[in-house]
Amino acid sequence: MPPVNTSTPYSSRELIDQKTLAKMAGVSRQTVARWEELGFISRSDIGLSGSKYFVIKEVVSQLERLKDVK
């Protein structure tokens, strides 16, 4: 699934779902779920269907901060 662009005027951010984030990061969906459970990353937006999405820029920033901690 390609990144999703919301059409609301207050949200012009690129969004991705858990499956897409896992593929982009080269990890399993379970790993992404674990990162979320541990608070390393967080979902930021809810789509029209009620599905939750990650904002690409935010999740990249969150993962970069985590990488710097190591």
For Lys52, the accessible surface traced by a 1.4 Å probe with all protein chains present amounts, in square angstrom to the nearest 10, to 110 Å²
For Glu64, Glu36, the accessible-area ranking with a 1.4 Å probe, largest leading, is Glu64, Glu36
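May I ask you to rank Thr20, Thr31 by accessible area, largest first, using a 1.4 Å probe over the protein chains only? Each step should come with its number before you reach the end.
Working: Thr20 20, Thr31 45 Å².
In descending accessible area the options line up as Thr31, Thr20.
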If R0 = 25 Å, then Lys19 and Lys57, at their Cβ-Cβ distance, give a FRET efficiency to the nearest 0.05 of 0.85
In nanometres, the difference between 0.36 nm per residue of separation and the alpha-carbon distance of Leu66 and Ser42 is 7.4 nm
Simple spin-label estimate for Ser49/Ala33, 7 Å along Cα→Cβ, in nm, reads 1.8 nm
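Ranked by accessible surface with a 1.4 Å probe, highest first, in what order do Leu15, Leu38, Leu66 come? Let's see the in-between values first.
Values: Leu15 0, Leu38 100, Leu66 50 Å².
Ranked list, largest accessible area first: Leu38, Leu66, Leu15.
The values are calculated or read from the model by the stated rules, or taken from the named source; none is laboratory data. Quick caveat, the model's predicted, so the values are computed rather than measured. Cβ atoms come from the backbone with ideal geometry, glycine included; neighbour counts cover every protein chain shown. Remember, those area values only see protein heavy atoms, side chains included, never the ligands or the DNA or RNA. Shrake-Rupley method; radii C 1.70, N 1.55, O 1.52, S 1.80 Å.
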